[in-house]
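> Okay, here's the structure, questions in a sec.
Derivation of every value follows stated rules applied to the coordinates shown; laboratory data play no part. Being a predicted model, the structure only gives us computed values, none of them experimental. Every residue, glycine as well, gets a Cβ built from its backbone with ideal geometry; the counts of neighbours run over all protein chains shown.
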Amino acid sequence: MFDKKELARITREKERWQQTTLPKWLSEHPERQKEFHNTSGARINRLYTPEDIQNMNYTRDIGFPGEYPFTRGIHATMHRGRLWTMRQFSGFGTAEQTNKRFKYLLSEGETGLSIAFDYPTITGYDSDHPKAQGEVGRCGVAISSLKDFEILFDGIPVDKVTTSMTINGPAAVLLAMYIAIGDKQGVPRTMLGGTTQNDMLKEFFAQKLCIFPPKPSVKLVTDIIEYCAKNLPRWNPISISGYHIREAGASAVQELAFTLYDGIAYVESALERGMNVDEFAPRLSFFFASHNDLFEEIAKFRAARRLWARIMRERFKAKKPRSMWMRMHVQTSGCTLTAQQPLNNIIRVTIQSLAAVLGGTQSLHTNSFDEALCLPSEEAVRVALRTQQIIAHESGVANTVDAIGGSYYVEALTNEMEEKATKYIEKIDNMGGVYTAIEKGFFQKEIADSAFKYQQEIDTHKRKIVGVNDYKIANECITIPLLRVDPKVEEDQIKRLQKTRKERDNKKVKQTLDKLHDDAEKNQNLMPTIIDAVKAYATLGEICDVLRGVYGEYKELIII
Amino acid sequence: MNQERKIRVLIAKPGLDSHDRGAKIVARALRDAGMEVIYTGLRQTPEQIVETALQEDVDVIGLSILSGAHTTLFPRIMELIKEKGLNDVLVFAGGIIPEEDVPEMKKIGIKEIFGPGTPTETLVKYVKENVKKKI
Amino acid sequence: MSYEELARMVLKGDRRSIARAITLIENNHPKTQQMMSQLYRHGGNAHIIGVTGPGGCGKSTLVGKLVKEFRHKNKTVGVIAVDPSSPFTGGAFLGDRIRMQELSADEGVFIRSMATRNNLGGLARATKDAVCVLDASGKDVIIVETVGAGQSEVDIIKVAHTILVVLAPGLGDEIQAIKAGIMEIGDIFVVNKADRENADRAVIDIRTMLEMNSGKQEWKPVVVKTIAIEGKGVSQLVEKIEEHRKYLEKGAFASKRREQVETEFFEVLRQKIEESFLNDLKKKREFDKILEKILAREVDPYTAAENVIAKKLKNNKD
């Protein structure tokens, strides 16, 4: 990027500086620490100069926004044109309560819905299953049948919003319900916009909410990708997620590498089904976490875009630029929130959001300051949303494209991230791919080790966490208003479910479920039959049970 | 054989949530402190947890939950512990348990609740000091 | 609770007492011996199955499925799963039962994890006693599971009547197994994860190896393919286990039993002799004196040892 003469001059000058100005200053002002590291364990230099990026080629490695390799962003004008989507994940209690919260968020200026489901729904159980006891509506909204979904979207026209659903194992069932709602509202399927998370691979080693074993799980994922490519052109069938990998304890590099490897596996699965890469790749989307180390995170987002573009072009021979786009949603990191001095979390969320925006995200969720304690209260949710609005409209960081690109530090970090992630990808390739790596517990071990190391750094005060291991308030009494889910929610939900089971046409339910069983055995794409089953008010648990019967249930591999 | 009595600990995850990062870090720290640790894996019913504690004859049970279902599941677990006569087992809990639930949890027999941000050394120390001498 | 009462409750099958009894054994509690003398007479009815093999071959999953299969046949089952202790901290993760957690609440199943506690010789003894407790409590089948890592673990597994050696294709297991010396002791070889490439290759390799070793024994070790995670091949495996049991009952059992009892008796005898001499020595601080003499080369270790024995025997006579 620099000519040789100029570089030589910089090297000479740096040496001079290192022999004169620097030691003189250091002799009287020692540095705070002997060494500085980021969360990925990389040593951070005192100073970055053109020397650190001398092997870079501007057009090859950085380029222009909207062009390969998309380091600076996937769109030509980035946030100068359209701001990112401010999408707050929410859902709790019954469908009625969440419907109310959705309407509130839309009225406050939110631009997309994001549904959190409760654990029974996520793990494929109806609200009246014995395992659901005490969990109904606690950490998200309870959905057992289309009846619940009809209430959830009452008065919300699905052609006017985009909806993101954090659902994996039973993703096909929930997507089928959304399609059914669209059909009822008279919205053409081509108009339905939104995302199903539908990323099963990370479940096996990070989030661990699995129903079926890995191979049938990926089969279902691919069913959705295929169905959407043919029928729902505005739907993101999958959101390949690093968020949970990071939350489980991975470093930024591991988050990047493992997420991209999952992406590779899904592309391979769709290709095996005979699809053309440019037919489905443009709709693949990604989901990352944003932590506190501002520059490490920015570098991660930039490296992710560049690396994905290279993988799609070189490994999978994609032709369309859109197939090489890494469109991403970012959420600020839940595990960085502290229960101590909860208001401090607002500052953490701000830093993390800045990283996401400067990193060029398409969509952002900001966590609420009380989430280390409970589900967020309305006030806390508002502050979180306001944080994004302040960054968008007051900070000025969104007024130019890739504001931090060209920083010697950030470019060097971006390169390092890409290199390290590439090494991981090669390692997993050599191991025999994602299934073998899961079976061997490779990801699990890497993540568990990082998590333990991070905790040890905190315990030994190598890493300071304000309010937790330093700057503590003695006998802190945490008083913030807590949002409680009324235990009556469970009762009401179960009543509704049982009423639905009684009133529906049970013959039709049985027919659709039998057909689902047959289709699953014959290895057909299951989306059309699941849509039929859902419309007949077959419940989520019933549908998952049929599939459990065919595919078996996954047993977690425990690596500590 | 080694004459020294080993502390045996069961780290259990009741409920459907899958946040096992904390439970695993605790398990690892207790093992590194020389204890024998049995980890149940995710989504264990109260019956499974207590039966495991009984068969493994553990001295300590650590419960981890982040889903909010502790108000339903913990009382059931404590009930079963009493029913099976595991009265000398030390039970502690961690995860997301709001401050205002703590008195109720202590009343049913959970000896200590550790919130997010508790250093592992605090836990190790707590277990060593509070485990009851059996036999 | 007194040891008599504990033993009585174990005989009744009381789960809490079984658990307690095994803890006594693990801690080498002074009451252990008396308790065991109560229980020993009531043992000898269970079919003891040893399961060993290198890590990652799917042993625990397979054991879980075996237990289920035996339960279908209305047999009660005890499981002892052995995991290594850390040589540095003495701590251990006892992770095998995770694969069998769904069986935890079944009244007909009792699962106990044991750590090696860095004392593999002693562990073999403790495992035998723990098996005896489960046996006396009335379990029909007892499965002992351990990582096939070396001679000491081979000793542990020798408590079994029927030994399963579990391998998985592609892990280079066969070589590890030969190194660990577990190829010679297997009655049934299981090639688990048989849906993997090279499964048939592994079967052939094992058969070839067995033919080279085969000699005088009447029982020809068999090879069974399983996919434990899907439960495939498990009922065939149980059939083979049953066949082996019938073979033992026809006569081999008596000789095997005799062999085991002989080893066991010698082990205990050796341990007792050792303890009685060492305890005496250590109590009287004579130990240090003798060591100093040897160090100073005033006496050689052989003579010193003979002197100690002679003295002890003389004292006993007086």
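> With 20 Å bins from zero, work out the P(r) of chain A over every alpha carbon pair and list the percent per bin.
Whole-percent P(r) values from 0 Å outward: 20, 54, 22, 3, 0.
> Related question: Take each complete run of DSSP H in chain A, measure how far its Cα atoms stretch along the helix's own axis, and keep only those covering 15 Å or more with mean Kyte-Doolittle hydropathy at least 0.5; list them.
Details: long enough: A:4-19 (23 Å, -2.14); A:95-107 (18 Å, -1.03); A:171-185 (21 Å, 1.15); A:214-231 (25 Å, -0.15); A:252-272 (30 Å, 0.59); A:294-310 (24 Å, -0.29); A:344-358 (22 Å, 1.11); A:378-393 (22 Å, -0.02); A:408-431 (35 Å, -0.86); A:442-459 (26 Å, -0.74); A:488-503 (23 Å, -2.11); A:506-521 (23 Å, -1.68); A:540-551 (16 Å, 0.78).
Length and hydropathy pass: A:171-185, A:252-272, A:344-358, A:540-551.
> Would you kindly work out the equivalent ellipsoid of chain C from its C-alpha gyration tensor and give its semi-axes, the square roots of five times the eigenvalues, largest first in whole Å?
So the equivalent ellipsoid measures 38, 25, 19 Å along its semi-axes.
> Now for a separate question. Express in whole angstrom the spacing between the alpha-carbon centres of the range B:24-78 and the range A:9-33.
Answer, in whole Å: 54.
> For the range A:110-138 and the range A:202-218, what is the centre-to-centre distance using only Cα atoms, to the nearest Å?
Measuring centre to centre over Cα atoms gives 18 Å.
> Right, here's the next one. Return a whole-number percent for the relative contact order of chain C, with Cα pairs under 8 Å and 6 or more residues apart as the contact set.
Relative CO of chain C lands at 18 percent.
> Under a cut-off of 16 Å between alpha-carbon atoms, report the aspartates and glutamates in cross-link reach of C:Lys282, not counting same-chain residues fewer than 8 places apart.
C:Glu274, C:Glu292
> If you don't mind, there's one more thing I want to ask. With the convex hull built on the Cα atoms of the range B:92-135, state its orientation-averaged projected area in nm².
3.6 nm²
> Right, next: Hey, can you rank A:191-201, B:122-132 by average C-beta count inside 10 Å, highest first?
A:191-201, B:122-132
> Kindly identify the range C:269-317 as rounded, prolate or oblate by the Cα gyration tensor criterion: order the square roots of the eigenvalues as a ≥ b ≥ c, call it rounded if a/c is under 1.5, otherwise compare a/b with b/c, prolate if a/b is larger, else oblate.
prolate
> What percent does the relative contact order of the range A:30-177 come to when contacts are Cα pairs within less than 8 Å and at least six residues apart?
18 percent
> Counting alpha carbon pairs within less than 8 Å and at least 6 residues apart, what relative contact order, in whole percent, applies to the range A:85-459?
So the answer I get is 14 percent.
> Then there is this: From zero up to wherever the largest Cα-Cα distance of the range A:143-269 sits, split into 5 Å bins and tell me the percent of pairs in each.
P(r) for the range A:143-269, in whole percents per bin: 2, 11, 20, 21, 18, 13, 9, 4, 1, 0.
> Using a Cα-Cα cut-off of under 25 Å, which lysines could be cross-linked to B:Lys111, ignoring same-chain neighbours fewer than 8 residues away?
A:Lys472, B:Lys6, B:Lys13, B:Lys24, B:Lys82, B:Lys84, B:Lys125, B:Lys128, B:Lys132, B:Lys133, B:Lys134
> Shielding by partners for B:64-72, please: the mean number of other protein chain Cβ atoms within 10 Å of each residue's Cβ. Don't skip to the end; give the middle numbers.
Details: counts 0, 1, 1, 7, 12, 9, 2, 5, 7.
Counting other chains' Cβ atoms within 10 Å and averaging over B:64-72 gives 5.
> Listed highest first by mean packing, meaning other Cβ atoms within 10 Å per residue, what order do B:75-81, A:293-299, A:422-428, C:3-9 come in?
The packing order, highest mean first, is A:293-299, B:75-81, C:3-9, A:422-428.
> For B:Gly94, what residues show an amide H to amide H distance below 5 Å, using hydrogens built from the backbone and excluding near sequence neighbours?
Distant-sequence amide H within range of B:Gly94: B:Leu63, B:Ser64, B:Ile65, B:Phe114.
> Right, here's the next one. Let me confirm one metric for peptide A:444-455, namely the mean number of other chain beta-carbon atoms within 10 Å of its residues' beta-carbons.
Working: counts 1, 0, 0, 2, 6, 1, 0, 6, 7, 0, 2, 9.
Mean shielding by partner chains, rounded to a whole number: 3.
> Please turn the phi angles of the range C:201-208 into ³J(HN,Hα) values with the Karplus equation 6.51 cos²θ - 1.76 cosθ + 1.60 (θ = phi - 60°), one per residue in order, whole Hz, x for glycine and proline.
Each residue of the range C:201-208 in turn: 4, 4, 4, 4, 4, 5, 4, 4 Hz.
> Next up: Applying a 10 Å radius around every beta-carbon, put A:469-476, C:73-80 in order of their mean neighbour count, most first. Kindly include the intermediate steps, with their values, before the conclusion.
On the way: A:469-476: 10.6, C:73-80: 20.2.
Result, highest mean Cβ count within 10 Å first: C:73-80, A:469-476.
> Further question on the same structure: Enumerate the amide H contacts of C:Phe93 below 5 Å, restricted to partners 5 or more residues apart or on another chain; note that Pro and chain-start residues carry no placed amide H.
Placed amide hydrogens put B:Val37 under 5 Å from C:Phe93.
> Return the inverse of the average 1/r over all pairs of distinct C-alpha atoms in the range B:8-126, which is the Kirkwood hydrodynamic radius, in Å to one decimal. Provide the component values of the computation, followed by the final result.
Numbers: mean 1/r = 0.0715 Å⁻¹.
Value: 14.0 Å, from the Cα pair sum.
> Bin all alpha-carbon pair distances of the protein assembly as shown at 10 Å intervals from 0 and give each bin's fraction as a whole percent.
Pair shares across the bins are 2, 10, 18, 21, 19, 15, 9, 4, 2, 0, 0.
> For peptide C:125-138, what's the mean number of Cβ atoms from other chains within 10 Å of each residue's Cβ?
Across C:125-138, the average partner-chain Cβ count within 10 Å equals 0.
> Moving on. For the range A:277-358, what Kirkwood radius comes out of the mean inverse Cα-Cα distance, in Å? Before the final figure, lay out each step's value.
Details: mean 1/r = 0.0714 Å⁻¹.
By the Kirkwood definition, the hydrodynamic radius is 14.0 Å.
> May I ask you to list the lysines whose Cα is less than 19 Å away from that of C:Lys250, ignoring any residue fewer than eight positions away on the same chain?
Cross-link targets: C:Lys216, C:Lys220, C:Lys240.
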